[in-house]
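Participant: Starting off with a structure, shown below.
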Amino acid sequence: MAKKNSYYYYYYYYYSLVGLMVTLLIMVEGTRAGLISLCNMNEDDLSTCKPAVTKPNPVDPPPPACCEVLKKADLSCLCSYKESPMLPALGIDPDLAMGLPPKCNLPLPQSCQGS
């Protein structure tokens, strides 16, 4: 009887480990596939604007492709990240990011003004 239980535990741990590895693989591949999304902008969209919002030498004016991306972005949502550590963690300077909409002739949402 003891032998039967040891096989059970062996298979339980083996399949638990395999399940964990598969889950981690899916997470890593999902990130690599550009599944990160922030305020209606995917990872490729964020990369398009990154040269204009990265210190020490931001591109000014922002590339036209960046302005096109900003047209579909939720600017009020982006503004809510101004004080968050999320933007700096992505290599984005929050002050430069808040300056992009006017440079692209887009109105800065009321919720972003004065903050």
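The values are calculated or read from the model by the stated rules, or taken from the named source; none is laboratory data. Because the structure is predicted, anything quoted here is derived from the model rather than measured. Virtual Cβ from ideal backbone geometry, glycine too; neighbours counted across all protein chains shown. For the accessible areas, the whole protein counts, side chains as well, though only heavy atoms, and no ligand, DNA or RNA atoms are used. Shrake-Rupley method; radii C 1.70, N 1.55, O 1.52, S 1.80 Å.
Participant: Can you work out which of the residues in segment 24-83 that are assigned to a helix (DSSP H, G or I), modelled with pLDDT of 90 or more and of a type in the set (Val, Ile, Thr) is most open to solvent (accessible area, probe 1.4 Å)? Outline the logic, then answer.
Facilitator: Here is the first cut: in segment 24-83, the residues assigned to a helix (DSSP H, G or I) are 24-32, 43-52, 64-72, 75-79.
Going one step further and asking which of them are modelled with pLDDT of 90 or more, we end up with 48-52, 64-72.
Those left that are additionally of a type in the set (Val, Ile, Thr): 48, 69.
Numbers: THR48: 45, VAL69: 16 Å².
Filtering segment 24-83 for residues that are assigned to a helix (DSSP H, G or I), modelled with pLDDT of 90 or more and of a type in the set (Val, Ile, Thr), the one most open to solvent (accessible area, probe 1.4 Å) comes out as THR48.
Participant: Sticking with this structure for a sec: Could you grab the pairs with beta carbons closer than 7 Å, sequence gap of 6+ or different chains, first residue in segment 94-112 and under 13 Å from LEU78 (Cα atoms) and touching a residue at least 60 places away in the same chain (Cβ under 8 Å), second one of a type outside the set (A, V, I, L, M) and open to solvent by 20 Å² or more (accessible area, probe 1.4 Å)?
Facilitator: Taking only residues 6 or more apart or on different chains, not a single pair turns up.
Participant: So, of the residues in segment 105-115 that are open to solvent by 30 Å² or more (accessible area, probe 1.4 Å) and touching a Ser or Thr at 6+ places or on another chain (Cβ under 9 Å), which turns out to be farthest from GLU43 (Cα to Cα)?
Facilitator: Checked segment 105-115; the qualifying residue farthest from GLU43 (Cα to Cα) is GLN110.
Participant: Could you please give the count of residues in segment 86-104 that are under 16 Å from SER37 (Cα atoms) and either β-branched (Val, Ile, Thr) or open to solvent by 50 Å² or more (accessible area, probe 1.4 Å) (or both)?
Facilitator: Adding up the residues that qualify gives 5.
Participant: Can you tell me which residues in segment 84-100 are in a helix (DSSP H, G or I) and either closer than 11 Å to CYS49 by Cβ or in contact with a Cys (Cβ under 8 Å, 6 or more places away or on another chain) (or both)?
Facilitator: LEU96, ALA97, MET98, LEU100
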